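Undergrad: So that we are looking at the same thing, I have put the structure below in C-alpha cells.
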Amino acid sequence: MTTNRAMAPPGGPAPGPGRRVLVTGATGYVGSNIAAALLADPGVAEVVAGGRDPAAAGPLGAVLGGPGRWRFSAGRLPGEPWGLEGVDTLVHVAGVRPGIGVDDTALLLVNQEGTRRLLEGVPGSAVDRVVLISAQSVYGWRRPPPWHETMEARPQTAYGISKWVAEFLCQCLDPEVDVAVLRLARVYGLGVGHRLVWTRMPHRFGLLAARGETIPVFGDGEQRLDLVHVSDVAEAVRRAVVAPGPPGRAVLNIGGGAPLATRRLAEICARAAADLGLPIPLIASVPESRGSAADFGLDITRAREVLGWEPRREPAEGLRELIGAAGR
C-alpha cells in the first residue's frame, strides 16, 4: 500500500483536510447510500457525486443535504467518463445490471469498456485510492458456497464477466495506487433516498407482503440467498475509503454473513407484515421451471480482518422496514 500519507485507525476518520472522493453512479440506489455515508464521516472533505443527468442533482440534494461538502458532476459511460480533477479517491459504482431491455452488449460496453476509459484518467491525477464495486457474480454458481476471495473467478454471465474484467483493469493500475475490490452479495433495504427496484428479490417479497398478496416460493424453498443491507455496504465502502487498509491490492467479499433459504425469507416477510398490523400473506410453493436453483453465499472473514467491518442490519429488521415503507 502507499506510505506517503498518514492514515487513521480502522473505521476512523482520515487526518488532515480529509479525502476528496468521486462516487460514480451516485444518483443510483447503492451510490446514493455510499455518498451519504461518506458525507457523514469527518474524514471526508468533499464528495463529488457523479451521475448521468444534471437534473438528478436536485433529488440527490434532498438526500445529501444542501451544497457544502458535495457537488454534482455529469458524466456517462463509456463515452463521457467523469473527470478526476480535484479528487484523490475514486469509488466506482456506476454500471449496468441485467434486466429487461438490457442486452449483453450494453453490459460489456458500460461495465467493461466504460471502466477502462474511466481508469485512463488515474495516471497523472491525484487519485491514490480506488474502490471498485464488484459482485458475487464473478464466482459463478457451479461451486457450492461459501465462496472465498482465494477462489478463482468463474463468471458465467456477461454481467459477471464485465465485473471480472473491471476488477482486472483496477489491478493493472500503478502499484502506488491502493485498490479495494468489494464483491457484493445481493443488496437490499430501504436506505436513503428510497430508490428501490421492487421487482428484485427480496424487495419483491417485501412488496407482496405489504400488499397481503401470496408470496411464491419455488421448489422446496431451500435455495439460499446472501443478502446484505445497503447501509452495511455503504459502511464497508466508507471504511475502505478512510481506513489504513486495504493493502495495495485487496479483494473483499461484502455479504450478510448468514445466507437465508427463500422459504425462511418469505416467513420473515409474513411475520413482519403481521407485526405491522397488515394482512398476513400466504406462502405458496410453486414448481420450478428450470431445475434446482443454485445457492449463494460469501465468506466475509477477510472483510472483518481488513476493514474491521461487520454487517449490522439483521434481515428481520431490514425487511420489516422495507415492508413498512411499501405498505404506506
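Undergrad: May I ask you to say which residue of P287, P281, P315 is under 21 Å from the mean Cα position of the chain (by Cα), farther than 23 Å from V23 by Cβ and touching a residue at least 40 places away in the same chain (Cβ under 8 Å)?
TA: P315
Undergrad: Going by what's in this entry, would P279 be described as of a type outside the set (A, V, I, L, M), in a loop (DSSP other than H, G, I, E, B) and under 22 Å from R302 (Cβ atoms)?
TA: Details: of a type outside the set (A, V, I, L, M): yes; in a loop (DSSP other than H, G, I, E, B): yes; under 22 Å from R302 (Cβ atoms): no.
Answer is no for this residue.
Undergrad: Return the only residue of L169, L173 being in contact with a Pro (Cβ under 9 Å, 6 or more places away or on another chain) and touching a residue at least 40 places away in the same chain (Cβ under 8 Å). Walk me through how you get there before you give the answer.
TA: Details: L169 fails: in contact with a Pro (Cβ under 9 Å, 6 or more places away or on another chain).
Of L169, L173, the one residue that is in contact with a Pro (Cβ under 9 Å, 6 or more places away or on another chain) and touching a residue at least 40 places away in the same chain (Cβ under 8 Å) is L173.
Undergrad: Among residues belonging to the stretch 105-154 that are part of a loop (DSSP other than H, G, I, E, B) and of a type in the set (K, R), point out the one that is farthest from E222 (Cα to Cα).
TA: Ranking the candidates gives R154 first.
Undergrad: If a residue has to be more than 18 Å from A35 (Cα to Cα), aliphatic (A, V, I, L, M) and assigned to a strand (DSSP E or B) to count, how many in the stretch 78-104 make the cut?
TA: 0
Undergrad: Further question: Among the candidates A266, A261, single out the residue that is modelled with pLDDT of 95 or more, within 28 Å of P279 (Cβ to Cβ) and buried (at least 23 other Cβ atoms within 10 Å of the Cβ).
TA: Just one listed residue meets the conditions, A266.
Undergrad: Give me the residue from the stretch 229-254 that is part of a helix (DSSP H, G or I), modelled with pLDDT of 95 or more and of a type in the set (A, V, I, L, M) and, out of that set, farthest from L307 (Cα to Cα).
TA: Among them, the one singled out is V230.
Undergrad: Follow-up. G255: buried (at least 24 other Cβ atoms within 10 Å of the Cβ), touching a Ser or Thr at 6+ places or on another chain (Cβ under 9 Å) and within 16 Å of R313 (Cβ to Cβ), yes or no?
TA: When the stated conditions are applied, G255 does not pass them.
Undergrad: Output the residues belonging to the stretch 126-160 that are in contact (Cβ under 8 Å) with a residue 40 or more places away in the chain and surrounded by fewer than 17 Cβ atoms within 10 Å (Cβ to Cβ).
TA: The answer is A126, R142, P144, H148, T157.
Undergrad: Would you confirm whether or not the stretch 96-113 contains a residue that is touching a strand residue (DSSP E or B) at 6+ places or on another chain (Cβ under 7 Å), under 20 Å from C170 (Cα atoms) and either among the aliphatic types (A, V, I, L, M) or buried (at least 16 other Cβ atoms within 10 Å of the Cβ) (or both)? It would help to see each step written out before you state the result.
TA: Let us first name the residues in the stretch 96-113 that are touching a strand residue (DSSP E or B) at 6+ places or on another chain (Cβ under 7 Å), namely none.
The answer is no, given that none of the residues of the stretch 96-113 is touching a strand residue (DSSP E or B) at 6+ places or on another chain (Cβ under 7 Å), under 20 Å from C170 (Cα atoms) and either among the aliphatic types (A, V, I, L, M) or buried (at least 16 other Cβ atoms within 10 Å of the Cβ) (or both).
Undergrad: How many residues does the stretch 170-203 contain that are touching an Asp or Glu at 6+ places or on another chain (Cβ under 8 Å) and either aromatic (F, W, Y) or surrounded by 14 or more Cβ atoms within 10 Å (Cβ to Cβ) (or both)?
TA: At the first step, the residues of the stretch 170-203 found to be touching an Asp or Glu at 6+ places or on another chain (Cβ under 8 Å) are 176-178, 181, 183, 185-186, 189-190.
Pick out the ones that are also either aromatic (F, W, Y) or surrounded by 14 or more Cβ atoms within 10 Å (Cβ to Cβ) (or both) and you get 177-178, 181, 183, 185-186, 189-190.
Final tally of qualifying residues: 8.
Undergrad: For the stretch 77-87, name all the residues that are in contact (Cβ under 8 Å) with a residue 60 or more places away in the chain and buried (at least 18 other Cβ atoms within 10 Å of the Cβ).
TA: Within the stretch 77-87, W82, L84, V87 qualify.
Undergrad: Looking at V47 and the list (1) under 20 Å from the mean Cα position of the chain (by Cα); (2) at pLDDT below 95, which single condition is not satisfied?
TA: (2)
The values are calculated or read from the model by the stated rules, or taken from the named source; none is laboratory data. All figures in this text were calculated on a predicted structure; none of them were measured in a lab. Glycine gets a Cβ as well: all are built from the backbone with ideal geometry, and neighbour counts include every protein chain shown.
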